[in-house]
Amino acid sequence: MLFELTEEQMAVREAARDFTESVLKPGVIERDENQIWPEEQIRQLGELGFMGMMVKPEYGGGGMDTLSYAIAMEEFSKVDSSSSVAVSVNNSLVCYGLESYGNEDQKQRFLIGLAKGEKLGAFCLSEPEAGSDATSQKTTAEDKGDYYLLNGTKNWITNGGHADYYIVMAQTDPEKGHKGINALIVERGMEGFIIGAKENKLGIRASDTHTLMFQDVKVPKENRIGEDGFGFKFAMKTLEGGRIGIAAQALGIAQGAYELALAYSKERKAFGKEISKHQAIQFKLADMATEIEAARLLVYKAAWLKDQKKDYALASSMAKFFASEVAMKTTVEAVQIHGGYGFVKEYHVERLMRDAKITQIYEGTTEVQKIVISRTILKD
């Protein structure tokens with residue numbers, strides 16, 4: 001196994017790093033504080049090709065591998081996870097889902113605009129009573145012949161207030177259970193589609209998280225992805241890849257906090273010398289560096305397996321589970337190393353600590369990842 005990045009992957013890392021420093025970092029504290037959607041930043045990410053990195057060039061994408069995408073996600077997330085989560089959802093849930101399972105007409109109508117960054121996508125699975133238990137969909141899509149009549153509520157939807165296209169999971173045949181769920185493409189502006197209030201969150205505060213309501217929305221049959229009843233399988237397969245993006249986000253949060261703590265430890269003096277010369281701080285930094293490197297290997301392996309067309313479900317769950325735990329632990333310790341300064345917003349680490357928590361929750365909680373892992377290792 002090669003532990004070296006290709007020239008293309010290194011170029012992606014440099015481009016993402018430069019963009020993070022020059023575009024994402026300025027104003028990031030204000031956007032977080034006031035929950036300002038990073039509209040201009042997302043537009044520029046689209047222009048640079050970061051919103052459809054893995055989509056084939058014939059559909060407007062960059063044709064890059066999953067590892068390049070994970071590398072870019074890590075770089076963005078060192079500073080601005082509110083922007084990187086929009087990149088993640090658009091790439092690994094919406095674009096991936098449409099390219100892998102959509103028909104040619106859907107790719108032409110929806111995927112090309114999404115991959116070019118001209119349009120924005122959202123993935124709508126969670127409901128007030130169906131988060132981790134995704135089989136318990138209460139949103140219904142009644143078959144009316146040439147269209148579905150969509151009714152229900154979705155919540156915690158990233159990009160919810162600004163997306164153009166929404167992939168919505170809904171129950172068509174309750175008697176079939178999860179095999180009666182369909183995935184429908186709902187377009188912004190459809191009659192009866194209501195965007196609710198923006199959530200006031202602990203972390204990733206600038207990201208666009210909304211409740212969505214559907215009241216007798218007529219969704220044409222041609223907007224259904226896959227065969228009748230394919231929706232649940234579509235959601236699960238798509239989330240397997242999505243977990244790599246969130247694992248990479250968690251990795252970036254941890255790396256960003258570690259870099260800030262490392263630099264601060266060399267500047268701050270206590271008891272007559274830099275705090276980096278105190279063993280208590282040295283050991284914290286050693287723990288951080290080791291755990292982050294272990295998380296990076298798990299993330300990169302999951303991405304590599306996906307690129308090799310091998311089974312990556314177990315690897316992506318392990319990567320997300322471990323990287324999110326490392327992100328939480330590292331950011332807490334980074335605040336501790338900063339002392340009182342770590343508790344104020346201008347030093348960035350408190351924001352990273354708040355952002356880290358969501359990586360243990362969305363796209364499958366830590367507990368769901370443990371279910372996936374344990375089922376897989378006990379299967380044989």
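Listed here are the strands (runs of 3 or more DSSP E) enclosed by the range 146-202 that have at least 1 residues being at pLDDT below 95: 193-198.
For residues in the range 200-236 being surrounded by fewer than 19 Cβ atoms within 10 Å (Cβ to Cβ) and basic (Lys, Arg), which is nearest to Met328 (Cα to Cα)? Ranking the candidates gives Lys201 first.
Being modelled with pLDDT of 95 or more, in contact with a Leu (Cβ under 8 Å, 6 or more places away or on another chain) and outside the structural domain of Gly342 (by TED's automatic domain parsing) is a description that does not apply to Ile292. For the residues Leu120, Leu114, Leu125, the requirement of being touching a His at 6+ places or on another chain (Cβ under 8 Å) and touching a residue at least 12 places away in the same chain (Cβ under 8 Å) singles out Leu120.
Just checking, which of Ala197, Ala263, Ala257 is of a type in the set (A, V, I, L, M, F, W, C), touching a residue at least 12 places away in the same chain (Cβ under 8 Å) and surrounded by fewer than 20 Cβ atoms within 10 Å (Cβ to Cβ)? Among Ala197, Ala263, Ala257, only Ala197 is of a type in the set (A, V, I, L, M, F, W, C), touching a residue at least 12 places away in the same chain (Cβ under 8 Å) and surrounded by fewer than 20 Cβ atoms within 10 Å (Cβ to Cβ).
The rows are residues; the columns are (1) farther than 30 Å from Glu4 by Cβ; (2) buried (at least 19 other Cβ atoms within 10 Å of the Cβ).
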site	(1), (2)
Leu297	no, no
Ser317	no, yes
Thr330	no, yes
Gly364	yes, yes
Arg375	yes, no
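Select from the range 208-230 the residues that are of a type outside the set (Phe, Trp, Tyr), touching a Phe, Trp or Tyr at 6+ places or on another chain (Cβ under 8 Å) and assigned to a loop (DSSP other than H, G, I, E, B) and write down the one among them that is farthest from Asp105 (Cα to Cα). That would be Asp208.
Of the set (1) surrounded by fewer than 24 Cβ atoms within 10 Å (Cβ to Cβ); (2) over 15 Å from Ile246 (Cβ atoms), all apply to Gly121 but (1). With respect to (1) in contact (Cβ under 8 Å) with a residue 12 or more places away in the chain; (2) over 20 Å from Glu325 (Cα atoms), the lone exception for Ala270 is condition (1). Checked across the range 93-113, the condition of being closer than 18 Å to Gly161 by Cβ, among the basic types (Lys, Arg) and more than 17 Å from the chain's Cα centre (by Cα) holds for no residue.
Using the structure shown, decide if Arg243 is charged (D, E, K, R) and surrounded by 23 or more Cβ atoms within 10 Å (Cβ to Cβ). Spelling it out, Arg243 is indeed charged (D, E, K, R) and surrounded by 23 or more Cβ atoms within 10 Å (Cβ to Cβ).
The values are calculated or read from the model by the stated rules, or taken from the named source; none is laboratory data. Just so it is clear, the structure is predicted and the values come from calculations on it, not from any experiment. Glycine also receives a Cβ, built like all others from the backbone with ideal geometry; neighbour counts cover every protein chain displayed.
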